[in-house]
Structure formats: C-alpha cells, structure tokens
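No value in this document is a laboratory result; all are computed from the given coordinates. The structure displayed is predicted, hence computed values, not measured ones. A quick note on method: Cβ atoms are made from the backbone with ideal geometry, for glycine too, and the neighbour counts reach across all protein chains shown.
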C-alpha cells in the first residue's frame, strides 16, 4: 500500500505523542512540520529528521506530496485548519475537541463530505487496549444493555494555565479538555446513543490556584498565573434516547484528598470498570462475581494507545475506511459538550429536539 506522508501542525506537548507514534509506523513518513514559531518548528524537525519546515500551515498544505496532517494546535484553530486541509485534499487527524462550537464542527463535516478524504478524531482512549477489549465483550453481549454510566476526572490542582485557561482559545476548562476523554469513552462503550437532554452545572470558585505549593502539575508553555476565565468544575447528567443516562463530573481544581479518575458502566447482565482498575462484574449460579482479565496493561497505557491511534489513522488513509473515532462522532460530542455549557449557563435543563437544542422552560 502507499506510504503516507504526514505533516504535523503545531509542536506543543501533544504533538510529540503523534510524532513518536508516526516514527514507529513503517507505512508513514513524517514529511513536514509547521508551527507559528519557526524556531520551534525547526528544532522539532531536526529532532525527528523532518525535511520540510513551515510557520504557515497554508503554505505547508501546498506540498503536493503531502498526504495527511495531524492537527495539534489550540482548540479554536482546529476548524479553520481542518477545513483548509480538506480543501487541499489531505487526510486529517484532529486532536480533540474538533472545534469549540457545534457550528464549526458542522463546517468541518461539510468540507469532509466534499473532499471525500479521511477525518479521524483524536480521542485516544478509544484506542487503549483495555477499551478495545471491553468493546469486544460489550459487542458480544456480556453486559446486556447499558442503562447507566458514571465517570469522574478530578484534579486537586491541575489547571495547566496558558491557552488552556483562556476560554477564547480553549472553548472552556476541564470539561472540554479532560472531560471529553471520559465522556466519549462511556458514550462509545454504551453504543453511542442519541442524547435527548442535559442538566449541568459549572463552577468558578477556586480559580487556577497558582498559589498552591508541594503539589506539582503540568503547566502550558504560555503559563500565566494571572490568566484564567474557565470553569474549575463541571458536572452533568446526560439522558439518551434509549433511556440510558450518564453522570459526569470533571475538575481542574478541587478541595479533594487526591486526584481521581473513574469510568464505570452498568448493564442489564453485568457491569464494567476501566478506571481506576480494569474489571468486570457479572453473575453465575446465583453468585455475584468480579472478573479481572489477564492483561499486560491493567491500567491506561497512553503510549500504546497513541501508537494504535496513529496505526489506525494510517490504515484508514490507505484503505478509505471510516475511523472508529469518526468525524460524525466528533460532531456529536461537540453537541454534548456545548449542551453541557449551555445548560450550566442557563441554569436549566436543555433538550435536543429535532437534533437542535431548545431550553425547557
């Protein structure tokens, strides 16, 4: 099959996960690097032996031999870059979230229909070996029908600051940054039911807590302790067309004893937990059982998940098949995220009537 020449747009920390994974892929070649800071782009290009360097993505997209791009930039730039890449005939891998507003996501969707190229969304947890293992059990009917799920992604002190804390650039705080991972994971395993209503809250009580000592956390390259206008906590209950519901809470900062990540789903025949520990719950001979699969990775393996995500993208570029993290899924996830923010902002439940949100009065 054709070797895929890939360009990386944006050289922030997440781009190195893409770069390392592409470098392992025998059917991929890292062909170009682009960053608005040319010196940083040149440094990364030298590190990964990349032949073409740009500080303007539109110029990079003019490369005829370039087949695909990974978009690893600020959230608010995703839509314009993706549309330009699609119009240039390139395959596209967009880091989550695909945009910051539903309207932008739908513009990408329209451009993708016209282009006919592959678009994959970078929700890396779908590609973790444990997720794919549980998907097999789910599809095989072990858990019956999922009717309830709950998930938390809570940090005590973990606001990255910089562009992450600037709503205009990020679209929001922990919900759109880390919450999307666990919401998408639950929704994917539940069979991607259609949302019908959302009731949510956001809180702006603690700020970025840049004063906190003795607890380390990741800081964005443009970290500014005085910059923060995003929520520090969001929670929601999402109701689906099939009667199922999903409860979620996520935070950048919280007066909690420890960081916490949980993903739990409950079905008519059994249940599963992916985080903090992989296990399944079922019944045999009138006895409730906890089942622990034998696996080399009982917890999330981010490196392996990124490798599988990139492998899948290259395969889809070569074959034209629809990715398991499709653009349509990314658009629906934007509807859910925007719905959570809308419900919280209006302090009332919102409903998806005729696939458009209308407030319940």
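Would you calculate, for the chain, the mean residue ellipticity at 222 nm contributed by helices, counting each DSSP H stretch of 4 or more residues as -39,500 (n - 2.57) and dividing by all residues, to the nearest 500? Don't skip to the answer; put the middle values down first.
Numbers: 10 runs with 113 residues, N = 361.
Helix-only estimate at 222 nm: -9500 deg cm²/dmol.
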Binned Cα-Cα distance frequencies in region 228-361 - 5 Å width, integer %: 2, 7, 11, 13, 16, 18, 16, 11, 5, 1, 0
Go ahead and set up a Gaussian network model of the chain, Cα springs under 10 Å, then flag whichever of 235, 286, 338 fluctuates most. 286
Please report, in Å, the Rg and the Dmax of region 284-352, where both are computed over Cα atoms only. 19.4, 50
Once both label points are put 7 Å beyond Cα along the C-beta direction, the residue 203-residue 110 separation in nm becomes 4.0 nm
Suppose we look only past 14 Å in the calculated P(r) of region 67-117. What percent of the Cα-Cα pairs does that tail hold? 41 percent
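How large, in Å, is the chain by the Kirkwood hydrodynamic radius built from its alpha-carbon pairs? Mind showing how you got there, number by number?
Values: mean 1/r = 0.0471 Å⁻¹.
Kirkwood hydrodynamic radius for the chain: 21.2 Å.
At 0.36 nm per residue, minus the direct Cα-Cα distance, what do residue 349 and residue 302 gain on full extension? Give it in nm, one decimal, please.
Between residue 349 and residue 302, full extension yields 13.4 nm more.
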What do you get for the angle between helix 180-189 and the principal long axis of the chain? Use alpha-carbon atoms, 0 to 90 degrees, nearest ten. 60 degrees
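For residue 328 and residue 342 in one chain, what is 0.36 nm times their gap in residues minus the Cα-Cα distance, to one decimal in nm?
Numbers: separation 14, 0.36 × 14 = 5.04 nm, distance 2.09 nm.
Full-extension gain reported as 3.0 nm.
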Comparing 326, 170, 216, which has the greatest mean-square fluctuation in the GNM of the chain with Cα pairs linked when under 10 Å apart? 216
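Just how many % of Cα pairs in region 303-343 lie over 16 Å apart, if you round to the nearest whole percent? Walk me through the intermediate numbers first.
Details: 418 of 820 pairs.
Summing the P(r) tail past 16 Å for region 303-343 gives 51 percent.
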Computed over the chain: longest principal axis from alpha-carbon atoms vs helix 302-319 long axis, angle to nearest 10 degrees, is 60 degrees
Given region 86-196 reduced to its alpha-carbon atoms as identical point scatterers, what log10 I(q)/I(0) does the Debye formula return at q = 0.23 Å⁻¹? -1.30
Output needed: percent of Cα pairs per 5 Å distance bin for region 224-283, bins running from 0 to the one holding the longest distance. 4, 12, 17, 18, 19, 12, 9, 5, 3, 1, 0
Folded to 0 to 90 degrees: helix 102-115 orientation relative to the chain principal axis, Cα: 50 degrees
GNM on the chain, Cα springs under 10 Å; top mean-square fluctuation among 98, 14, 30 goes to 14
With the cut-off at 26 Å, report for region 29-168 the share of all Cα pairs above it, as a whole percent. 41 percent
Expressed in angstrom and rounded, the centroid-to-centroid distance over alpha carbons for region 122-158 and region 222-244 is 19 Å
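Per the Kirkwood treatment, what hydrodynamic radius in Å, one decimal, follows for region 134-204 from the mean inverse distance over all distinct Cα pairs? Write down the numbers at each step before the final one.
On the way: mean 1/r = 0.0690 Å⁻¹.
14.5 Å is the Kirkwood radius here.
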